[in-house]
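So the structure is just underneath, and the comments pick up after that.
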Amino acid sequence: MKIELQNVKKAFNQGRSNELWAIRGVTTTLEPNRITCLKGASGSGKTTLLAMIGCLSRPTSGRIMLGERMLSGLPERFMTEFRRHTFGFIFQRLNLIPGLSTLDNIMLPAYPLAPRHHQLLASAQSLLEQFGITDKGNNPIEWLSGGEAQRVAICRALINNPQIIIADEPTANLDSRLSTEFMGLLERLRDLGKTVLITSHDPLVFDAPCIDRVIELRDGEIV
Amino acid sequence: MMLAPAIMALILVSGSVSLMMLLASVFALQVVRHWDIHSGSERQLRLERQTYLISTLLVWTFVSELIALLLFIYNAEAMSGQFVGAMCATGVLNVNDWGWPDLYLKIAIFFAGSTWLILNHLDNQGYDYPLIRLKYRLMLLILPLVLAEFVVQLNYFLQMDPAVITSCCGALFSADAEGVAAEISGLAPRTSLWLLIGSGAGVFASGLHFVIRGRGGLLYALLALFSFISALVAIISFIALYIYEHPHHHCPFCILKSGYDYVGYLLYIPLFTATALALGCGAIAPWRHISSLSAAFEPLSHRLAWSSLALFLLFYAVAAWNVLGSNLVMQGVWW
Amino acid sequence: MIALFRRQQYLLSYTLAAMLRRKGRNLALLFVYMLIIFVLASVMFLSHALIREAGIITAQSPEIIVQRMTAGRQALIPADYLERMGRLQGVNRREARLWANFHDAATHKNYTMRVDSHRELGDGEIIIGASMAKRLKVNPDDQLTLTSTHGEPYTFHVKGITTSPSELANAGLVLISAATFRRIFAVPPGYFSDIALSVPNPREVRTITEKLLKRLPDTRPILREEIQRTYDSIFAWRQGITFVLLVGAIFAFVIFAWDKANGLSSEERREIGILKAVGWETGDVLRMKFLEGLIISLCAFIAGCLGAYLHIFYASASLFEPILKGWSIFYPHFQIRPFIDGLQLATLFFFTVFPYTITTIIPIWRSAITDPDAVMR
């Protein structure tokens, strides 16, 4: 299903002296089963736009549609419920919870959905296998290397079997080898039928051959 | 008297609950004025977050009031030794004019709170919160009840005078005294039994109709309320007497004592819960046509209706068991 | 329904794991919480147990005790007052009693010496209570010497040991013969300490009292129901005062709880942000945080009450005796019997768990509404 943005705007500190319009009217369509990259300098609003598409925040005005369904007007409870099934997130700083094991971290997004425990565990373990870190299941997160942690983050994003994967500056803390590896993993996700949306200002990313489309943002608008 | 810890605790709870309701009302007013589900402005986001706080405050209000109701009755029982003429909770409630109104207000708050929470639960399932203004306006109606209860309870405890001789259940609930309690006690058991059976039949009929057809929720709620009152009348009129095995002991509180195996709880808890759930059915019934709620309406109404019918059945069963199994035989006298 | 239950299970397991990860912070709160509950529960259990003991004693006491008053003070009552009372409907027994307090100058303890008309005691023979025997390490057929305030020693022969339902009544009781009593306390024959009337029907007590006042104007009838009511009130009052004094402590605890709940470390804030970003809803986070509070409250409540129970009923309330027994160097030492009921626990709950929970509502809400996209930056 495609994602449609219609004149989306986002403001912070509305009505106050430090009012800031981070997104000033973005209209575009994102095709399904593609890897799309949002490119732009820091402050261009790409993270804000990404958050809105991924149902993490609401636009101040404008509409975001997924297929026939309007996402932008939903109150938080429904937005979150929808987000759980539809979007998987990979954050810039990975944001894995220290003190928990790998498997616990991966299963975390599924808790509110309350599936049967053995089913959940099975899905988590099959994901570990898919990404080649089967034996790290019970290790605490702190023991993992950068690359392994990256894969755990991907597994976590996939636990609820979402359609759309969103990654924010995924290679910011990775060296070139791991970055290339990561782009390979994203390609695999696309081949599995997922839609991928990433932001980056790293040329290694937006110049990568697997990227289907690059959208450039500056000062909250598409150039 | 005021310094007895149980009394201090009750006043503390009442006061805290009043404060919580005031706070919730302030936020509710803001929501009622500025709510716009289609806007993405920061104010709307703030209001949405506030709805969580209001719900939380109301849940805790309700839970606290419920436990406080139990503590209140328990305390009245325990204090009966300190008042001349009081032998159970009835005597303690009679000590001044504020006792019974306090109890009635507490019960009213229990029902108002439970109904509101059920309505709130339904509204939260709708992606556009269709009933939000209505439910917060209704909540503002509960606020005066809560504040009144605080004042009434405070007066009740402040004006408690151990030097005043009070009358106990024997005097209050006797047929030759005056007042509502006496009227009920004087009611012929046959009449109140028919009332009980009639209201019970009505409740089951309307409840099943509501479950099967999905219509008639308001009727069910009204009949449940009527059943509730009939049940209380029946308890005072004859059920309690069978439990005490005494033809003149009408008191509705003594059945909560350990001497009667706490059977009072087995009667009152199902009765109150069943009535509360049925009132909830009535509260949600008018809204079944709203599109955003249509998916949630049926499962919720079924759950409410079935549970309340089951609890009503439990009440009638326990009452019948106690009447039939009692050593008191009034064959030929009452029946 | 089942899904709802499973969801709570997942939340619970996450909450427990999260709490164990932050042991230090939670332990501090738990300790303070437990302490507050311990103190309040101790006060409550002790006074309720004392009320009950007092209730048991007074239940054994006669319904009406008639004392003779001279110049506003209690005086010996002549035996002919028994007849001067006349016929009193409802009184099924009347007894002229001999009893007095004996202060032992050697050990500075008070004993109650009483003549029990049902027991045959020779001159100098006494029967004492079980706990007193244990404390003084005295067995039947031993000698016991007590010294009066005038310095005069009295040697008694312990004939037997008695037990009675209330430890309190038992603790300082000495039964002696009438002859020995009159000798020790210089009470002339024909005079008694007071007259006890047994009235089975409580409704007749007042009428009888009125008649007594008319026929014996220099006496003061003391009603058992008045004593019971007075004890109830006094203990409730004492309990209340103590609670009021402890309100300061409760207040401090509540502020402490507020501070802890508000002062989320940046790491905790981040964790909540992550949870919300991966799909937890505000309601889930709220539930998790309240669950945390509930677990802490439950642990503190159980531990505090248990500690108080042990303190009062096994360590004899060593910390609180002076306040509640009331300047009681004269009080005989006794073991209080355990007595707890739902009312006490409910009151405790409302003084501790309730304020804690209410104070944490707003801080918890504020932490739960953390914006998930803050985590993206």
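Just a few scattered comments:
- Some residue of region B:34-42 being more than 10 Å from chain C (Cβ to nearest Cβ) and in a helix (DSSP H, G or I): yes
- Within region A:162-176, the set of residues being touching a residue at least 60 places away in the same chain (Cβ under 8 Å) and under 14 Å from the mean Cα position of the chain (by Cα) comprises A:Pro162, A:Gln163, A:Ile164, A:Ile165, A:Ile166, A:Ala167, A:Asp168, A:Glu169, A:Pro170.
- One residue stands out among those in region C:62-96 that are assigned to a loop (DSSP other than H, G, I, E, B) and touching a strand residue (DSSP E or B) at 6+ places or on another chain (Cβ under 8 Å): the one that is surrounded by the fewest Cβ atoms within 10 Å (Cβ to Cβ), which is C:Asn92.
- Annotation: of all residues in region A:165-195 being on the phi < 0 side of the Ramachandran plot and in a loop (DSSP other than H, G, I, E, B), the one that is modelled with the lowest pLDDT is A:Asn173.
- Any hit, region C:254-272, residues being modelled with pLDDT of 80 or more, out of contact with any Phe, Trp or Tyr (no Cβ under 7 Å at 6 or more places or on another chain) and among the polar types (S, T, N, Q): yes
- Conditions (1) more than 21 Å from A:Ala41 (Cα to Cα); (2) outside any loop (DSSP other than H, G, I, E, B): number failed by A:Thr199: (1)
- Boolean, A:Pro162 is out of contact with any Leu (no Cβ under 9 Å at 6 or more places or on another chain), outside any helix (DSSP H, G or I) and closer than 27 Å to A:Asn33 by Cβ: yes
- Scanning region A:113-127 for residues that are in contact (Cβ under 8 Å) with a residue 12 or more places away in the chain and over 19 Å from the mean Cα position of the chain (by Cα) yields A:Leu113, A:Leu120, A:Leu121, A:Ser123, A:Gln125.
- Taking the criterion of being in contact (Cβ under 8 Å) with a residue 60 or more places away in the chain and polar (S, T, N, Q), the residues of region A:177-223 that qualify are A:Thr195, A:Thr199, A:Ser200.
- Any hit, region C:24-42, residues being at pLDDT below 90, surrounded by fewer than 18 Cβ atoms within 10 Å (Cβ to Cβ) and within 14 Å of chain A (Cβ to nearest Cβ): yes
- Any hit, region B:2-13, residues being at pLDDT 90 or above, farther than 30 Å from B:Ile269 by Cβ, more than 7 Å from every other protein chain (Cβ to nearest Cβ) and surrounded by 20 or more Cβ atoms within 10 Å (Cβ to Cβ): no
- Among the residues of region C:217-265, those identified as of a type in the set (D, E, K, R) and closer than 30 Å to C:Phe354 by Cα are C:Asp232, C:Arg238, C:Asp259, C:Lys260.
- When restricted to residues that are part of a loop (DSSP other than H, G, I, E, B) and surrounded by fewer than 18 Cβ atoms within 10 Å (Cβ to Cβ), region A:95-114 contains 2.
- Test: A:Phe91 is of a type in the set (Phe, Trp, Tyr), on the phi < 0 side of the Ramachandran plot, within 12 Å of chain C (Cβ to nearest Cβ) and touching an Asp or Glu at 6+ places or on another chain (Cβ under 9 Å): yes
- Selection within region A:58-88: residues that are within 13 Å of the chain's Cα centre (by Cα) and charged (D, E, K, R). The member of this set that is farthest from the other protein chains (Cβ to nearest Cβ) is A:Arg83.
- Elements of the type helices (runs of 4 or more DSSP H) sitting completely within region C:145-232 and holding at least 2 residues that are among the aliphatic types (A, V, I, L, M) and at pLDDT 80 or above: these cover C:178-185, C:205-215.
The values are calculated or read from the model by the stated rules, or taken from the named source; none is laboratory data. No experiment lies behind these values; they were computed from the predicted model shown. Note that we place each Cβ from the backbone using ideal geometry, even for glycine, and neighbour counts take in every protein chain shown.
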